[in-house]
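I'd like to ask some things about the structure below.
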Amino acid sequence: MRSISKSFKPIYGILLVNLIGFVLLYFYKKPFEKITIYIGLTTMVLTSAIYLFILIKKLGDEYLFLIVSMLASIGIIMIYRLDRELGIKQVIWFTGGTVLFLISYFVFSRWNLWSRLIYLYAGTSLVLFLLTLIFGSDIKGANNWIVVAGFNFQPSEIIKVLYVMFIASYFTTPEKLNIPEITLLERKISVHNRGVFIACVYMFIGFLILQREWGSALLFFIVFYLFLYIYGTGLKTLLFNGAMAFMGGSLGYLFLYHIKVRIDIWLDPWKDVSNKGYQIAQSLFAIGAGGFFGTGLGLGRPDFIPEVHTDFIFSAICEEMGIFGGIAVILLYFLLIYRGFKIALSIREPFGKSVALGLTLMFGFQTFIILGGVTKLTPLTGITLPFISYGGSSLVSSFISLGILQAVSKKAL
């Protein structure tokens, strides 16, 4: 019992951040709203209960949930400050996400057949892609949402998890993609399983491009390319896929207007600062206005930034919590990626190693791409900041991924 009490101490910092944040939000506007205190208490109690459960049941790496709960707490506080209704919804999604975190942990831990389900991962993803193309709705320029009874669902967020599982399955059991020889004009043609695998990956990326989700397509390609490099598939394979990526990006810039616009405003947002470059310009103004220590929670004007609660929430954090607050968020992501790589290096089981590597790369480069976009380091892509940005699909799929990574960490002990 004393050991658990000692291990529980790291969460005190998270509870303190929530306490300070929601107390400040309570006094932010008059008349005072008690629901602000209830939301804060819900977040604190839920975080403490899940962490205590992880400690008592010894569910693997306890620091994974600690890091993520701190990120989610910062996100909830900032979203609630921007829009009370969205903040309440985010807490509901956070609650559902933590439940699915535990469910995905126990489901992944209980069975050892996951490496053999490569066709299920590809087939389910294909069905979700087709459903999105047929029934999808165009929201904010991307046809990647399915609306059911007023509820918006983004299938590509679930496909991210399936995509990592698919890649991990191939590099664990590549023979699963072997296909029989084909006889054509009295000649036998054999296709290497690597060719089948690459074709399937380009299927994933192609559907994302059709949905105008170029940010996710870039993320999928980076994870795929790094797997090719890490598992030593050969220089020719790397050069071929690198050339394909370069050609695809060039064609996108030349023939797709929205891609050209994003590249142009990345190179020079001040050329059309009142229109196309307005969003990134306001993001840079917000980051600069915060200084080192920020304007204070509720004292900035991050509402000047369009879509600040999703794509540009990091800019809002930097404005009201300062550059030091932004650096703290980045360091939390570094810790999360470090723990993920440590798990991947520690486990001996090949499929678990590949899954941990894939999920960690997905978290890491998704973070890099969106942070690069809001600071003008890279072109804007429109993907979310994991665990912080507003969005049910993103938050839930991130917690499912975390649950799988937590299960892999248990096997690494």
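The values are calculated or read from the model by the stated rules, or taken from the named source; none is laboratory data. Worth saying up front: this structure is predicted, and the values here are computed from it rather than measured. Note that we place each Cβ from the backbone using ideal geometry, even for glycine, and neighbour counts take in every protein chain shown.
Looking only at the range 248-270, which residues are surrounded by 13 or more Cβ atoms within 10 Å (Cβ to Cβ) and either more than 26 Å from Phe285 (Cα to Cα) or of a type in the set (A, V, I, L, M) (or both)?
Gly248, Gly249, Gly252, Tyr253, Leu256, Ile259, Val261, Ile263, Ile265
Given (1) in contact with a Phe, Trp or Tyr (Cβ under 6 Å, 6 or more places away or on another chain); (2) in a loop (DSSP other than H, G, I, E, B), identify the lone condition not met by Gly322.
Condition not satisfied by Gly322: (2).
Hey, another quick one. Hey, could you check the range 206-230 for residues that are under 14 Å from Asn144 (Cβ atoms), aromatic (Phe, Trp, Tyr) and under 17 Å from the mean Cα position of the chain (by Cα) and say which is surrounded by the fewest Cβ atoms within 10 Å (Cβ to Cβ)?
Out of the qualifying residues, it is Trp214.
Checking Ile287 against (1) in contact with a Ser or Thr (Cβ under 8 Å, 6 or more places away or on another chain); (2) modelled with pLDDT of 95 or more, only one condition comes out false. Which one?
Status for Ile287: all satisfied but (2).
Same structure, new question: Under 6 Å between Cβ atoms, at least 6 apart or on separate chains: pull out the pairs that start in the range 148-173 with a residue that is more than 22 Å from Leu131 (Cα to Cα) and end on any residue that is surrounded by fewer than 17 Cβ atoms within 10 Å (Cβ to Cβ) and of a type outside the set (Asp, Glu).
From the range 148-173, the pairs are Phe171/Tyr231; Thr172/Pro350.
Go through (1) surrounded by fewer than 19 Cβ atoms within 10 Å (Cβ to Cβ); (2) closer than 28 Å to Phe106 by Cα; (3) touching a Leu at 6+ places or on another chain (Cβ under 6 Å); (4) not hydroxyl-bearing (Ser, Thr, Tyr) one by one and return the number of the condition Phe8 breaks.
With (1) surrounded by fewer than 19 Cβ atoms within 10 Å (Cβ to Cβ); (2) closer than 28 Å to Phe106 by Cα; (3) touching a Leu at 6+ places or on another chain (Cβ under 6 Å); (4) not hydroxyl-bearing (Ser, Thr, Tyr) applied to Phe8, the lone miss is (3).
Sort out which residues of the range 330-347 are under 23 Å from Gly21 (Cα atoms) and crowded, with 24+ Cβ neighbours inside 10 Å, and write them in order of number.
Within the range 330-347, Leu336 is the sole residue that qualifies.
Consider the range 271-282. How many of its residues are outside any loop (DSSP other than H, G, I, E, B) and surrounded by fewer than 18 Cβ atoms within 10 Å (Cβ to Cβ)?
Summing the residues that are outside any loop (DSSP other than H, G, I, E, B) and surrounded by fewer than 18 Cβ atoms within 10 Å (Cβ to Cβ) in the range 271-282 gives 3.
Just checking, how many residues over the range 209-267 are outside any helix (DSSP H, G or I) and in contact (Cβ under 8 Å) with a residue 60 or more places away in the chain?
Number satisfying all stated conditions: 4.
From (1) β-branched (Val, Ile, Thr); (2) touching a Leu at 6+ places or on another chain (Cβ under 6 Å); (3) over 20 Å from Leu332 (Cβ atoms), pick out the condition that doesn't hold for Ile67.
Every listed condition holds for Ile67 apart from (3).
Further question on the same structure: Exactly one of (1) surrounded by 24 or more Cβ atoms within 10 Å (Cβ to Cβ); (2) touching a Gly at 6+ places or on another chain (Cβ under 7 Å) is unmet by Gln366. Its number?
(2)
Let me ask something additional. Would you check which residues across the range 330-354 are within 21 Å of Leu395 (Cβ to Cβ) and touching a Ser or Thr at 6+ places or on another chain (Cβ under 9 Å) and list them?
Ile330, Tyr333, Leu336, Ile337, Arg339, Gly340
Do we find that Phe387 is under 12 Å from the mean Cα position of the chain (by Cα), assigned to a loop (DSSP other than H, G, I, E, B) and among the hydrophobic types (A, V, I, L, M, F, W, C) in this structure?
yes
Any residue at all in the range 352-373 that's in a helix (DSSP H, G or I), over 18 Å from the mean Cα position of the chain (by Cα) and of a type in the set (Val, Ile, Thr)?
no
Matching residues to (1) in contact with a helix residue (DSSP H, G or I) (Cβ under 8 Å, 6 or more places away or on another chain); (2) buried (at least 21 other Cβ atoms within 10 Å of the Cβ):
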residue	(1), (2)
Phe53	yes, no
Leu64	yes, yes
Val68	yes, yes
Leu100	yes, no
Phe108	yes, yes
Phe135	no, no
Val148	no, no
Asn152	yes, no
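For the range 311-320, does any single residue satisfy the condition of being in contact (Cβ under 8 Å) with a residue 40 or more places away in the chain and closer than 25 Å to Gly252 by Cα?
yes
Output the number of the condition that Asp61 fails; it satisfies all remaining conditions of (1) free of Cβ contacts under 8 Å to residues at least 24 places away in the same chain; (2) under 13 Å from Ala407 (Cα atoms).
So the condition that Asp61 fails would be (1).
Does at least one position in the range 236-245 carry a residue that is of a type in the set (Gly, Ala, Ser) and in contact with an Asp or Glu (Cβ under 6 Å, 6 or more places away or on another chain)?
No, every residue in the range 236-245 fails to be of a type in the set (Gly, Ala, Ser) and in contact with an Asp or Glu (Cβ under 6 Å, 6 or more places away or on another chain).
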